[in-house]
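We did not get these values from a lab; they are worked out from the coordinates using the rules stated. Quick caveat, the model's predicted, so the values are computed rather than measured. Counting neighbours? That spans all protein chains shown, and the Cβs are built from the backbone with ideal geometry, glycine included.
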Amino acid sequence: MEQLYKRKEACCGCGACADVCREGAIRMTVDREGFRYPRRTEEGCIHCERCVQVCPVKNRRVERGVSRRYFGVRAKEEKLRSSSSSGGMFPVLAEFVLERQGVVYGAAYGRGMQVTHQEISRREDLAAIQRTKYVQSSLKGIYRSIERRLRQERWVLFCGTPCQVQGLLLYLNREEPRLLLVNLVCYGVPSPGIWRDYVKWLEQKYDGKMTDFSFRDKRKHDHGHTCSYVIEGKEYAYSLYEDLYCSMYFSNLILRPSCHTCRFCTVERNGDFTIGDFWGIEKVKPEMDDGMGTSMVILHTEKAREIWEEVKKDLFWFACEEKDVLQPRLSGPTEVSGNRRIFMLFYRKLPFSIFQMLYRAAAIVRALFGRIHRKTTGGAV
Ligand SMILES: Cc1cc2nc3c(=O)[nH]c(=O)nc-3n(C[C@H](O)[C@H](O)[C@H](O)COP(=O)(O)OP(=O)(O)OC[C@H]3O[C@@H](n4cnc5c(N)ncnc54)[C@H](O)[C@@H]3O)c2cc1C
Ligand code: SF4
Ligand code: SF4
Ligand code: SF4
């Protein structure tokens with residue numbers, strides 16, 4: 001078995017190489033941190049190098065001289081916005097495609113709450129692929145499925161991380177007038193293996209099956225800073241920063257190595273639209289800030305401009321400048337935590353139930369030391 005990348009940082013796990021190989025010579029395998037990586041077998045490989053050509057990390061090319069447009073938006077239909085993580089730009093674009101008998105691809109929960117991209121073609125199925133899932137999504141079979149749909153001359157909308165969008169562009173390798181590509185502003189994706197262990201641990205703790213997890217529950221009008229989940233019909237809700245898994249995510253301990261060196265964390269990307277949370281909406285347009293989410297939208301292409309003209313009737317919107325939408329993940333990747341190595345070492349060695357206790361104890365000690373340090377130094381760093 002041969003690796004297709006030199007260092008782990010050079011593989012974002014998009015799976016385009018595995019989908020493009022018609023000889024079935026590439027398998028995605030899970031490493032000890034719970035991330036998927038491709039492995040190439042010598043038997044069956046005819047050395048066509050298609051797997052290298054579709055790799056978004058090896059082939060990141062961005063069109064230069066593009067004039068982009070920037071907007072703040074929220075869906076007029078309140079139901080669409082409240083069932084979304086941000087301002088509901090994604091479902092508005094999805095409806096544009098569904099109205100044309102097209103298909104939409106987004107991240108949904110599958111068996112055991114694992115996150116995979118799925119295709120939908122009916123409005124009643126849209127909710128399953130709405131909402132942010134802070135877990136790396138699997139695209140197994142999705143590139144091929146999109147290729148088939150485009151051959152049938154259907155409209156297709158794909159929404160995912162910018163590296164997934166770049167992988168898809170390279171996979172298709174031609175202009176597709178009916179393909180709409182939407183990439184997210186991306187903090188980085190956490191380990192599906194750690195997510196699986198966390199779900200199992202919660203299910204054991206509360207003695208039942210988990211049926212939903214909302215990473216950005218907005219019902220308190222708090223910009224989605226609450227997360228909630230349902231086990232055996234009972235709902236549990238916590239602050240996003242108190243939840244064990246989310247705390248590991250936002251402490252930069254469980255992101256994929258490639259996310260810490262990511263070259264897609266910029267405004268200059270391929271694809272038609274970029275969507276994210278409108279950070280700083282309270283300063284740029286305070287009257288729009290109701291705690292229920294406002295999306296920032298960047299139009300990159302002529303196709304995006306044309307579709308914008310069609311969908312803007314379904315949005316409350318305002319035009320703005322690049323500086324208004326800029327946020328950390330549009331100017332560089334998330335920094336890795338200095339504790340990631342030791343964290344992963346303990347994760348690999350210990351059962352999750354023990355590991356989570358150790359993590360919590362370490363977090364309490366860190367918080368205490370922080371407080372003592374602030375008292376003795378009078379807050380000076
Ligand atoms: C891992 C991750 C990190 C993010 N980091 C930032 C950030 O730093 N700053 C910021 O402004 N916005 C970030 N976002 C985007 C933001 O959370 C919203 O998803 C985005 O604004 C779209 O919101 P919406 O209301 O328009 O659509 P929604 O209806 O909420 O739809 C969300 C869309 O994201 C897709 N999606 C959800 N989870 C995943 C996943 N794991 N992988 C691929 N696609 C997925 C869904 O399929 C859907 O298309 C991140 C999203 C994810 C998934
Ligand atoms: S070189 Fe061609 S045949 Fe070999 S693994 Fe890559 S895509 Fe498959
Ligand atoms: S195509 Fe994607 S999964 Fe394959 S090596 Fe490149 S980044 Fe990794
Ligand atoms: S941070 Fe970069 S490498 Fe990581 S998922 Fe997002 S786009 Fe891909």
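Of note:
- Per-peptide average of other Cβ atoms within 10 Å, ordering 153-162, 348-357 highest first: 153-162, 348-357
- Aspartates and glutamates with Cα under 17 Å of Lys323, excluding same-chain neighbours fewer than 8 positions away: Glu268, Asp277, Glu282
- For the range 106-203, the extents of the C-alpha atoms along the principal axes are 45, 28, 22 Å, listed from largest to smallest.
- Neighbour-limited loop hits for GluC sites (Glu not before Pro), the range 54-136 (at most 15 other Cβ within 10 Å; DSSP other than H, G, I, E, B): Glu63, Glu77, Glu99
- Each Cα pair under 8 Å and six or more residues apart adds its separation to the average, and for the range 2-53 the resulting relative contact order is 40 percent.
- Where labels lie 7 Å past Cα in the beta-carbon direction, separation of Lys6 and Asn59 in nm: 1.9
- For the chain, the Rg and Dmax computed from alpha carbons only, in angstrom: 21.1, 69
- Normalising the average separation of contacting C-alpha pairs (under 8 angstrom, six or more residues apart) by the number of residues puts the relative contact order of the chain at 20 percent.
- Phi-based couplings in Hz for the range 52-61 (Karplus 6.51, -1.76, 1.60; Gly and Pro marked x): 7, 5, 8, 6, x, 7, 6, 10, 8, 10
- Cross-link pairs exceeding 29 Å between alpha carbons, from the set Lys140/Lys234; Lys76/Lys220; Lys133/Lys312; Lys140/Lys205; Lys133/Lys349: Lys140/Lys234; Lys140/Lys205.
- Here the peptides 27-36, 223-232 are ranked by packing, the mean other Cβ count within 10 Å, and the order with the highest first is 223-232, 27-36.
- When the helices of the chain are scored as -39500 (n - 2.57) per DSSP H run of n ≥ 4 and the total is divided over every residue, the value at 222 nm lands at -9000 deg cm²/dmol.
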